[in-house]
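Heads up: the structure comes next, in structure tokens.
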Ligand code: FES
């Protein structure tokens, strides 16, 4: 059953245009700030498991630092190669905490 898990404090969230790695109950996720809006995605790139949270944000996409595959922060879909996708987790802010919904 899905439940909301604390990812980090609002003050620890990345600034606009940046991404970071954050841990939600033992699972590392990529937390990205796209134009002031936070998004939580799988941290492992489907190409060769590069750490997306160590990448950057460009045109609404999280770019993998290893070979630059880029994933839409809202859908998780890659522009190239077509068909590649990472999971995007529902996210909300409650008080001072950033929460994600995990299975
Ligand atoms: S590991 Fe992410 S693009 Fe290669």
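Output yes when any residue across region 36-51 is in contact (Cβ under 8 Å) with a residue 24 or more places away in the chain, within 23 Å of residue 80 (Cβ to Cβ), over 10 Å from the mean Cα position of the chain (by Cα) and away from the ligand (no atom under 15 Å from the Cβ), and no when none is.
no
Scan region 22-35 for residues that are under 14 Å from residue 89 (Cβ atoms) and in contact (Cβ under 8 Å) with a residue 24 or more places away in the chain and jot them down.
22, 24, 25, 27, 28, 29, 30, 31, 32
Just to be sure before I move on: is residue 11 touching a helix residue (DSSP H, G or I) at 6+ places or on another chain (Cβ under 9 Å), over 12 Å from residue 91 (Cα atoms) and touching a residue at least 24 places away in the same chain (Cβ under 8 Å) in the structure I sent?
no
Within region 52-79, count every residue that is more than 10 Å from the ligand (Cβ to nearest atom) and either over 19 Å from residue 13 (Cα atoms) or assigned to a loop (DSSP other than H, G, I, E, B) (or both).
8
Where a number appears in this text, it was derived from the coordinates with a stated rule and is not lab data. Computed from a prediction, not measured in an experiment: that's the story for all the values here. Here the Cβ is made from the backbone with ideal geometry for all residues, glycine too, and neighbour counts use every protein chain on show.
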